[in-house]
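The values are calculated or read from the model by the stated rules, or taken from the named source; none is laboratory data. This structure is a prediction, so every number in the text was calculated from the model and none was measured. Because the Cβ atoms are built from the backbone with ideal geometry, glycine has one as well, and the counts that use them run over all protein chains shown.
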Amino acid sequence: PDAPASPVVECWAVSYPQVVNCSWDLVPEPLLDTSFVVTYRHGVAGDTEPGECVHTGPRSCSFGNVQMFSLTPYVVNVTAVNPLGAASGHQLFLLENIIKPDPPEDLQVSPIPGETTKLLLEWHPPASWPFPEYFPLKYHIRYSWEGSSITETVGPFEQTSLTLTGVQPGTRHHVQVAAKDITDSGEFSAWSPVALGTPWMDPGE
């Protein structure tokens, strides 16, 4: 067995602006029991006291009380410790650059009576996004239809419902939605789970 490798650290603000969530990996995986000491500080130099990044799992942690729009970076340091030694890894970031919402939730795809080439889409912001009224999200929609290899993406939209037009009549559609901070900071969320829907069909046909 060897001393641990340096942890590879990744942090995202899933619940901006309340909390930063971090996780880390070790490659190769240590053979011995390894513990982790995780701290963060606001500023690179020693001008601020390090704070504790509180463990939320075996290899994840979170911290709050963060400063929005600060041009001073945060540094998260993870030290892996086992009987043969220790190794550290860190991530340096500005808070707004690591915003990444969770996927939107409860996507519903519904037919619109009388409309053979339209679908009504409705969804909710992710529950982990604390203040959608103060920190709005924008959304992209991705959809495809059965029997085709084409995927269409539309957006961005600021509302949480959309009438999708020009869809294939009588065909089941696969729809997903993703979210991003409205100021374009950070990254898009992952795509939501697929929701299915078929446009209204004239019962007389």
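Values computed for the structure shown
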read-out: Where PRO28 falls short, out of the listed (1) surrounded by 12 or more Cβ atoms within 10 Å (Cβ to Cβ); (2) touching an Asp or Glu at 6+ places or on another chain (Cβ under 9 Å); (3) at pLDDT below 95; value: (1)
read-out: Selected residue [in contact with a Gly (Cβ under 8 Å, 6 or more places away or on another chain), at pLDDT below 95, on the phi < 0 side of the Ramachandran plot and not aromatic (Phe, Trp, Tyr)] from THR48, THR34, THR72; value: THR72
read-out: Residue list for the stretch 127-179, restricted to those being in contact with a Lys or Arg (Cβ under 9 Å, 6 or more places away or on another chain) and among the basic types (Lys, Arg); value: LYS138
read-out: Failed item in (1) aliphatic (A, V, I, L, M); (2) in a strand (DSSP E or B); (3) more than 23 Å from PRO83 (Cα to Cα), with VAL38 passing the rest; value: (3)
